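Below is one structure, written out as structure tokens, with a few remarks after it.
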Amino acid sequence: MQKIRKGDEVIVITGKDKGRTGTVLEVLTDEDRLLVEGINIARKHVKAHPNVGEPGGIKDKAMPIHRSNVQIFNPKTKKGDRVGIEIGKDGKKSRVFRSSSEAVDV
């Protein structure tokens with residue numbers, strides 16, 4: 001079970017975007033990286049391509065960030081929190097916040 005999933009609200013804990021929050025757009029499992037909306041934006045200079053109708057200029061692109069640099073945002077404490085996996089009485093796994101043992105709502 002993955003501790004961070006698509007659609008989770010995360011907060012960046014290190015790097016140039018430290019303290020900013022965003023929603024996970026995609027989880028790249030083979031690299032342990034995440035695409036987070038509005039985080040780790042790179043600017044690329046693109047040459048015009050008239051045959052396709054693409055204009056030139058500077059375009060912003062979201063780059064992946066390593067999952068160790070983010071934490072799931074806990075809305076009750078308004079801070080980042082670690083996530084644990086708890087097995088219920090019926091045998092189902094669920095994600096819980098480590099600080100409060102409350103379930104992570106998606």
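The values are calculated or read from the model by the stated rules, or taken from the named source; none is laboratory data. What you see is a predicted model, and the numbers here were worked out from it, not measured in a lab. Please note: Cβ atoms are built from the backbone with ideal geometry, for glycine as well, and neighbour counts cover all protein chains shown.
Some notes on this structure:
- Unmet requirement for V46, which otherwise passes all of (1) modelled with pLDDT under 95; (2) out of contact with any Lys or Arg (no Cβ under 6 Å at 6 or more places or on another chain): (2)
- Beta carbons closer than 7 Å, at least 6 apart along the sequence or on distinct chains, pair a first residue in segment 80-96 that is exposed (fewer than 10 other Cβ atoms within 10 Å of the Cβ) with a second that is among the hydroxyl-bearing types (S, T, Y) and at pLDDT below 95 for G88/S94.
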